[in-house]
Amino acid sequence: MGGSLSVLGAGLAFGLGAIGPGIGVGFVAGKAIEGMARQPEMANKIQTTMFIGMALAEAIALLGFVLAFVLQAAK
């Protein structure tokens, strides 16, 4: 029984850890597209900044992924 609870905890840790970054990446991409539509001459600079922002948001999701493995190993 204890093993299945740690699997459930690991799944919840990763699932909840991925919600915020998912919303953040969507927000960053939407605003970048909006900025590129308003100022097409700045598209390259906006796109570069967008990718940096997305990478930082995805780093949080990776921390949730690692936490899921740590919880799984702690059973």
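Laboratory data are not the source of any read-out in this text; all were calculated from the coordinates shown. All figures in this text were calculated on a predicted structure; none of them were measured in a lab. Virtual Cβ from ideal backbone geometry, glycine too; neighbours counted across all protein chains shown.
Quick notes
- Selection from the stretch 8-59 of residues that are closer than 30 Å to Ala73 by Cα and acidic (Asp, Glu): Glu58
- Residue in the stretch 56-74 that is touching a residue at least 24 places away in the same chain (Cβ under 8 Å), exposed (fewer than 13 other Cβ atoms within 10 Å of the Cβ) and outside any helix (DSSP H, G or I) present: yes
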